[in-house]
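Chemist: A single structure is presented below for examination.
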Amino acid sequence: YFDQLANLHSCLDALLKDPEVEVVQLKNRLAPSLNVYSSGGFRNVILSLRIRTDNTLRLGVAMHICELQLNLRSQAHIMTKRSHERYRLARNCRGTSSLMAGLAL
């Protein structure tokens with residue numbers, strides 16, 4: 001968790017500049033234009049990335065993709081098991097009529 005947005009930004013900048021890190025996807029859920037319903041209310045930055053070092057190449061895991069979430073401490077209280085279940089349900093039901101029924105968890 002980051003106490004300040006500036007610290008989160010510095011970490012993100014370092015990751016983007018690191019030659020051993022390949023960012024496959026970046027989701028900025030801190031953007032003011034974000035529809036909070038699409039993220040289950042979560043506000044963070046999510047990176048899908050690969051680490052390409054001599055060790056990951058030697059171990060055969062350089063093509064593995066992992067997710068890294070950069071979160072603000074002030075948002076930590078929102079991230080509960082129940083809220084994640086709601087987010088996962090909403091994500092999996094996008095475009096289906098079962099969405100509204102499922103949100104009654």
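The values are calculated or read from the model by the stated rules, or taken from the named source; none is laboratory data. Fair warning: this is a prediction, and the values are worked out from it, not measured in the lab. Glycine also receives a Cβ, built like all others from the backbone with ideal geometry; neighbour counts cover every protein chain displayed. We work out accessible area using only protein heavy atoms, side chains counted, and drop any ligands, DNA or RNA first. Shrake-Rupley method; radii C 1.70, N 1.55, O 1.52, S 1.80 Å.
Chemist: For the stretch 1-24, which positions are open to solvent by 90 Å² or more (accessible area, probe 1.4 Å) and among the polar types (S, T, N, Q)?
Modeler: If the condition is that a residue be open to solvent by 90 Å² or more (accessible area, probe 1.4 Å) and among the polar types (S, T, N, Q), then GLN4 is the only one that fits.
Chemist: When you go through (1) β-branched (Val, Ile, Thr); (2) more than 15 Å from SER74 (Cβ to Cβ); (3) in contact with a helix residue (DSSP H, G or I) (Cβ under 7 Å, 6 or more places away or on another chain) one by one for VAL24, which number turns out not to apply?
Modeler: In the conditions (1) β-branched (Val, Ile, Thr); (2) more than 15 Å from SER74 (Cβ to Cβ); (3) in contact with a helix residue (DSSP H, G or I) (Cβ under 7 Å, 6 or more places away or on another chain), VAL24 misses (3) alone.
Chemist: Which strands (runs of 3 or more DSSP E) does the stretch 8-105 wholly contain that include 1 or more residues that are touching a Lys or Arg at 6+ places or on another chain (Cβ under 7 Å) and at pLDDT 70 or above?
Modeler: 21-28, 44-51
Chemist: Looking at the structure I just gave you, is ALA62 buried (at least 16 other Cβ atoms within 10 Å of the Cβ) and more than 30 Å from GLU85 (Cβ to Cβ)? I'd like the intermediate steps shown before the answer.
Modeler: On the way: buried (at least 16 other Cβ atoms within 10 Å of the Cβ): yes; more than 30 Å from GLU85 (Cβ to Cβ): yes.
When the stated conditions are applied, ALA62 passes them.
Chemist: Please list, ordered by first then second residue, the pairs with beta carbon atoms under 9 Å, 6 or more apart or interchain, first in the stretch 26-37 and without any contact (Cβ under 8 Å) to a residue 12 or more places away in the chain, second of a type in the set (S, T, N, Q) and open to solvent by 70 Å² or more (accessible area, probe 1.4 Å).
Modeler: Listed pairs, sorted by first residue: LEU34/ASN28.
Chemist: If you check every pair at least six apart or on different chains, which have Cβ atoms under 8 Å apart with a residue in the stretch 48-62 that is free of Cβ contacts under 8 Å to residues at least 40 places away in the same chain and within 23 Å of LEU12 (Cα to Cα) first and a residue that is assigned to a loop (DSSP other than H, G, I, E, B) and open to solvent by less than 20 Å² (accessible area, probe 1.4 Å) second?
Modeler: ARG50/ALA62; ILE51/ALA62; ARG52/ALA62; THR53/ALA62; THR56/ALA62
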